[in-house]
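The values are calculated or read from the model by the stated rules, or taken from the named source; none is laboratory data. Everything numeric in this text was worked out from a predicted model, so none of it was measured. No Cβ is skipped: glycine too gets one built from the backbone with ideal geometry, and neighbour counts run over all protein chains shown. Ligands, DNA and RNA are stripped out before the accessible areas are found, and what is left, the full protein with its side chains, is counted by its heavy atoms. Shrake-Rupley method; radii C 1.70, N 1.55, O 1.52, S 1.80 Å.
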Amino acid sequence: MFKNYFKTAWRNLLKNKFYTAINIAGLTLGLAVGMLILLWVNDETSFDAFHKDAANIFKLENRVGTGESTQIWENTVAPIGALAKQQLPEIKEFVTMSYNNTYSLFKSGDKVFNEQKAFYTDAAFFSVFDFHLIKGNADKPFMNDHSLVLTETTARRYFGDADPIGKIIVADDSTSFAVTGIIKDFPLNSTIKADMFMPIALLGKTLYAGRPVGDNMNHDFRQFNYITFLSLKPGANLAVLQTKIRTIHLDNKPDDTDIAYLLQNVTNMHLYKSDGTDGGIETVRMFTIIALLILAIACINYVNLSTARSMLRAKEISMRKIVGAAKIQLFLQFIVETAVLFIIAAIFAIGLIYLLIPTFNDVAGKQLVFHLGDPNVWVIIAVTILVTLTVSSIYPAILLSSFEPLKALKGKISVKLSDAAFRKVLVVTQFAFSIVLIAGTFIISRQLNYIHNKSLGYDKDHVFSFSMRDIRNHYDAVKADLLSKPGVSAVTRAGSNIVNIGGQTGSNEWDGKQPGQTMMVRPLAMDKDFVSFFKLNIVDGVGFTGTVADSTHFMLNETAVLQTGLKNPIGKRFKLWGTEGTIIGVVKDFHFASMKKKIEPVVCYYFPKDMGTIYIKTSTTAATLAIAAAEQEWKSYNAGFAFNYAFLDETFNELYKTEQRTGILFNVFTGIAIFISCLGLFGLATFTAQIRTREIGVRKVIGASVASIIALLAKDFIKLVLIALVISIPVAWFVMNKWLQDFAYKTNISWTIFAITGLMVVSIALLTISFQSVKAAIANPVKSLRTE
């Protein structure tokens, strides 16, 4: 029986090659793109779930500050993990990590590497997480303070295929480490990624060498430079535990700065912030919806063409019924026809995915692997095909198997009003989806343009920077030398990158500070000519002069002045960390972070030892000369260390890499959705012209013009597109307005976006319909009247 179904289905597909091609093309594109997006979504939602005890592993973070300056810090103080484990029975184990800022150059023989992913950690890291050692002692991965644990790939970089255990790596030509452990490379879906680990005990000894007894890492509640994870016993009450940890901190901290603790499950680190707000989950939801929309558009194409052409198959179906075919048999026949079509489309889609996935990975910044041996891939393929097949096949099969045979044979069958209305609803739905995507594309592009064209409050053009390292102690000489070189127009230095100022502190005081008030500020050490270099605007007072007196002088940005509540701040007392001083100037607010964040308080201070970043201004034509001059200076003081620099424009663009990728993907998906929609519209227009051939012939005989016939065929479709436009505009506004809420500084959604979108969609629809409309309008009416 099923063999006959397949044979009949195959013959029917070959008989109607044009409509078969349209259906296969639409379904192939829809399935391929839908599965690609779902692969991406599956990857995003799978981060860190591979740890066996993931449900009980939590990252510890801080909520600091009061009022408008409230911040969430991912880093904690070093002692909190150990103290929490000692005092709280809910905690089984803790892990402390810190990024390596001590060493940069690692050598083994004649091989030299500038490691960017090196961390300090403790032995518990290898037992709490499933990053198990494949070589070395799992119970004691660090044999002493000069041990290293490497990943497999890192070990091969240094030692090739030789056994790395016991081999020596020298850091910065001064400190020797012995390799005592090897772990597998980190999974692609791991938030934690590193190339090498050093014992955190060494960091403690290095940082606190020469300090008084008791002043060590285990008692330091000032430096928030550590990542802390807690392994909890099942069933622990997180809210209560957070309060207990806060109490431990408050009992040990040296000042009156308030603080709160937050616990975040490791499986949420990739997509959520520790307070539960969006950290990427909105993008995942957006692309999940886009995948479903594209699949829906492809399914709608099939349903529309199948139901529209049902009248042409009425006699065939009636004959089957007369010779004894039951309704269920006809139903199964049409299900099999749809399944055959879907199987062909799925095979093409899988082939298309193999072709597209390298490009998709480049655009999305992923390393997705589409491998048919992966069970997860088959789950995505099976779910996608089964759902779309079910959605696409049920209604057409019911409709086609419900014809009354006698009426059909007499030619009296007609499509019910409800069936025609259903097709119109599907067309409206299809184009409404496309319009939302088009409007979204315009709004994302407009926001990215807004970000790149908005005044930042400083001049970043033709400026590159790099960390000075040993140049720091010879800055004045290097600056003078650089200014004498061609291509260099200005030089300055600071303690952080102006595009994205890193550190924060709540250790500050001022006249009139309220009890319990904590203002989180971004401290920025800057040189005397930093303001003029970047064309910052001092709105009140003066800047630094580079004299000794500047060590007790501060400049605040406008936001900091506003949050302190100071009136006439010049000359008022201000204290940063332990330094008491006075405010000498107010700097106009400038953007020093992503525009997703409001401008935060900044306190500028003058302390040359904290200024580790040098800035060099050049020009478009002389940039190569300026970089060469900077590299020469670098080699004079940092021989053997790699010279790494970055233009501020590049650093700025990095802040919006996710949004740029979102915009590109949105453009691509929108184009595909429109193409699939137009395929369906083209098929429907062709069918409409086909069934109205005789009507068109009669109209031409009685004098109808080509233009009037084109208008006759096109107007019904254009009406549907206009209805879709009216329905989709509020939806697009709502969705994209919600997306824009992530930005503190954003463009407006103007009516012109929707006007352009509407004009574009109507134009595309007209072009799609016009080919068949013109062909039908200019056909010979005599031939049209002879058509059955």
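Based on this model, can you work out whether Thr624 counts as among the polar types (S, T, N, Q) and in a loop (DSSP other than H, G, I, E, B)? Talk me through it step by step, then tell me what you get.
Details: among the polar types (S, T, N, Q): yes; in a loop (DSSP other than H, G, I, E, B): no.
It is false that Thr624 is among the polar types (S, T, N, Q) and in a loop (DSSP other than H, G, I, E, B).
Say whether the condition of being of a type in the set (D, E, K, R) and under 30 Å from Val735 (Cβ atoms) is met by at least one residue in segment 262-273. I'd like the intermediate steps shown before the answer.
First, the residues of segment 262-273 that are of a type in the set (D, E, K, R): 273.
Within this subset, residues satisfying the condition of being under 30 Å from Val735 (Cβ atoms) are 273.
Within segment 262-273, one or more residues are of a type in the set (D, E, K, R) and under 30 Å from Val735 (Cβ atoms).
So, of the residues in segment 564-578 that are open to solvent by 50 Å² or more (accessible area, probe 1.4 Å) and in a strand (DSSP E or B), which turns out to be nearest to Thr518 (Cα to Cα)?
Only one residue tops the list, namely Lys575.
Hey, among the residues in segment 217-235 that are open to solvent by less than 50 Å² (accessible area, probe 1.4 Å) and more than 32 Å from the chain's Cα centre (by Cα), which one's nearest to Thr121 (Cα to Cα)? Step through it out loud before you land on a result.
To start, the set of residues in segment 217-235 that are open to solvent by less than 50 Å² (accessible area, probe 1.4 Å) comprises 217, 220-221, 224, 226-232.
Now narrow it down to the ones that are more than 32 Å from the chain's Cα centre (by Cα): 217, 220-221.
Values: Met217: 13, Asp220: 17, Phe221: 18 Å.
Only one residue fits best here, namely Met217.
Looking at (1) open to solvent by less than 80 Å² (accessible area, probe 1.4 Å); (2) under 34 Å from the mean Cα position of the chain (by Cα), find the lone condition where Tyr208 falls short.
(2)
A quick yes/no check of all residues on (1) open to solvent by less than 10 Å² (accessible area, probe 1.4 Å); (2) touching a residue at least 60 places away in the same chain (Cβ under 8 Å):
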| residue | (1), (2) |
| --- | --- |
| Thr518 | yes, yes |
| Ser532 | no, no |
| Thr552 | no, no |
| Glu580 | no, no |
| Gly585 | yes, no |
| Phe592 | yes, yes |
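Please pick out the residue among Asp163, Asp173, Asp195 that is buried (at least 16 other Cβ atoms within 10 Å of the Cβ) and charged (D, E, K, R). Write out each step before concluding.
Values: Asp163 fails: buried (at least 16 other Cβ atoms within 10 Å of the Cβ); Asp173 fails: buried (at least 16 other Cβ atoms within 10 Å of the Cβ).
That would be Asp195, the only listed residue that is buried (at least 16 other Cβ atoms within 10 Å of the Cβ) and charged (D, E, K, R).
Which ones in segment 728-746 are touching a Phe, Trp or Tyr at 6+ places or on another chain (Cβ under 9 Å) and open to solvent by 20 Å² or more (accessible area, probe 1.4 Å)?
Ile729, Trp733, Tyr745, Lys746
Conditions: (1) surrounded by fewer than 21 Cβ atoms within 10 Å (Cβ to Cβ); (2) in a strand (DSSP E or B). Lys609 meets all but one. Number of the miss?
(2)
Tally the residues that are of a type in the set (A, V, I, L, M, F, W, C), within 25 Å of the chain's Cα centre (by Cα) and more than 14 Å from Arg522 (Cβ to Cβ), restricting the search to segment 586-622. Full working, then the answer.
The first filter runs over segment 586-622 and keeps only residues of a type in the set (A, V, I, L, M, F, W, C), leaving 586-587, 590, 592-593, 595, 599, 602-604, 607, 611, 614, 616, 622.
This time we only want the ones that are within 25 Å of the chain's Cα centre (by Cα), so: 592-593, 595, 599.
Restricting the remaining residues to those that are more than 14 Å from Arg522 (Cβ to Cβ) gives 595.
Count: 1.
Any chance segment 470-480 includes a residue that's among the polar types (S, T, N, Q), at pLDDT 95 or above, more than 33 Å from the chain's Cα centre (by Cα) and open to solvent by 10 Å² or more (accessible area, probe 1.4 Å)?
Applying the first criterion (among the polar types (S, T, N, Q)) to segment 470-480 yields 473.
Next, from what is left, pick out any that are at pLDDT 95 or above: none.
The answer is no, given that none of the residues of segment 470-480 is among the polar types (S, T, N, Q), at pLDDT 95 or above, more than 33 Å from the chain's Cα centre (by Cα) and open to solvent by 10 Å² or more (accessible area, probe 1.4 Å).
So, of the residues in segment 168-206 that are hydroxyl-bearing (Ser, Thr, Tyr) and touching a residue at least 60 places away in the same chain (Cβ under 8 Å), which turns out to be farthest from Ala124 (Cα to Cα)? Talk me through it step by step, then tell me what you get.
So the first thing to find is which residues in segment 168-206 are hydroxyl-bearing (Ser, Thr, Tyr), and the list is 174-176, 180, 190-191, 206.
The next check asks that each one be touching a residue at least 60 places away in the same chain (Cβ under 8 Å); those that pass are 175, 190-191, 206.
Working: Thr175: 24, Ser190: 18, Thr191: 18, Thr206: 21 Å.
Within segment 168-206, the match that is farthest from Ala124 (Cα to Cα) is Thr175.
Those residues that are open to solvent by less than 30 Å² (accessible area, probe 1.4 Å), out of contact with any Ser or Thr (no Cβ under 7 Å at 6 or more places or on another chain) and either within 22 Å of Leu562 (Cα to Cα) or free of Cβ contacts under 8 Å to residues at least 40 places away in the same chain (or both), I need them from segment 481-516; list them, please.
Correct list: Ile498, Ile501, Thr505, Asn508.
Go through Ile696, Ile718, Ile709 for me and flag whichever is in contact with a Pro (Cβ under 9 Å, 6 or more places away or on another chain), farther than 30 Å from Tyr450 by Cβ and either open to solvent by less than 10 Å² (accessible area, probe 1.4 Å) or at pLDDT 75 or above (or both).
Details: Ile718 fails: in contact with a Pro (Cβ under 9 Å, 6 or more places away or on another chain); Ile709 fails: in contact with a Pro (Cβ under 9 Å, 6 or more places away or on another chain).
Just a single option satisfies the conditions, and that option is Ile696.
For the structure I just gave you, tell me whether Tyr158 is in contact with a helix residue (DSSP H, G or I) (Cβ under 7 Å, 6 or more places away or on another chain), of a type in the set (Phe, Trp, Tyr) and open to solvent by less than 10 Å² (accessible area, probe 1.4 Å). Please lay out each step first, then the result.
Working: in contact with a helix residue (DSSP H, G or I) (Cβ under 7 Å, 6 or more places away or on another chain): no; of a type in the set (Phe, Trp, Tyr): yes; open to solvent by less than 10 Å² (accessible area, probe 1.4 Å): yes.
No.
If we scan segment 260-269, do we find a residue that is open to solvent by 50 Å² or more (accessible area, probe 1.4 Å), among the polar types (S, T, N, Q) and under 21 Å from Met519 (Cα atoms)?
To start, the set of residues in segment 260-269 that are open to solvent by 50 Å² or more (accessible area, probe 1.4 Å) comprises 267-268.
Filter again for among the polar types (S, T, N, Q), leaving 267-268.
With the extra rule that they be under 21 Å from Met519 (Cα atoms), the set shrinks to none.
No, there is no match, as no residue in segment 260-269 is open to solvent by 50 Å² or more (accessible area, probe 1.4 Å), among the polar types (S, T, N, Q) and under 21 Å from Met519 (Cα atoms).
When you scan segment 207-223, do you find a residue that is among the acidic types (Asp, Glu), out of contact with any strand residue (DSSP E or B) (no Cβ under 8 Å at 6 or more places or on another chain) and under 26 Å from Asn100 (Cβ atoms), even just one?
Residues of segment 207-223 among the acidic types (Asp, Glu): 215, 220.
After this cut, where a residue has to be out of contact with any strand residue (DSSP E or B) (no Cβ under 8 Å at 6 or more places or on another chain) as well, the list is 215, 220.
Next, from what is left, pick out any that are under 26 Å from Asn100 (Cβ atoms): 215, 220.
Scanning segment 207-223, I find at least one residue that is among the acidic types (Asp, Glu), out of contact with any strand residue (DSSP E or B) (no Cβ under 8 Å at 6 or more places or on another chain) and under 26 Å from Asn100 (Cβ atoms), so the answer is yes.
Across segment 748-773, what is the total count of residues that are closer than 30 Å to Ser594 by Cβ and either without any contact (Cβ under 8 Å) to a residue 12 or more places away in the chain or open to solvent by less than 20 Å² (accessible area, probe 1.4 Å) (or both)?
Pass one, segment 748-773, residues closer than 30 Å to Ser594 by Cβ: 748-754, 756-757.
Add one more test, that the residue is either without any contact (Cβ under 8 Å) to a residue 12 or more places away in the chain or open to solvent by less than 20 Å² (accessible area, probe 1.4 Å) (or both), and what stays is 748, 750-753, 757.
Total meeting the criteria: 6.
Among Gly502, Gly516, Gly543, which is closer than 15 Å to Gly581 by Cα and either under 37 Å from the mean Cα position of the chain (by Cα) or assigned to a loop (DSSP other than H, G, I, E, B) (or both)? It would help to see each step written out before you state the result.
On the way: Gly502 fails: closer than 15 Å to Gly581 by Cα; Gly516 fails: closer than 15 Å to Gly581 by Cα.
Criteria check complete, one pass: Gly543.
Do we find a residue being surrounded by fewer than 14 Cβ atoms within 10 Å (Cβ to Cβ) and out of contact with any Lys or Arg (no Cβ under 9 Å at 6 or more places or on another chain) anywhere in segment 119-132?
We begin by selecting, within segment 119-132, every residue surrounded by fewer than 14 Cβ atoms within 10 Å (Cβ to Cβ); these are 132.
Retained after the next criterion (residues that are out of contact with any Lys or Arg (no Cβ under 9 Å at 6 or more places or on another chain)): none.
No: zero hits.
If you go through segment 627-652, how many residues are in a helix (DSSP H, G or I) and modelled with pLDDT under 90?
0
Select from segment 612-635 the residues that are polar (S, T, N, Q) and touching a residue at least 60 places away in the same chain (Cβ under 8 Å) and list them in ascending order.
Thr613, Thr618, Ser619, Thr620, Thr624
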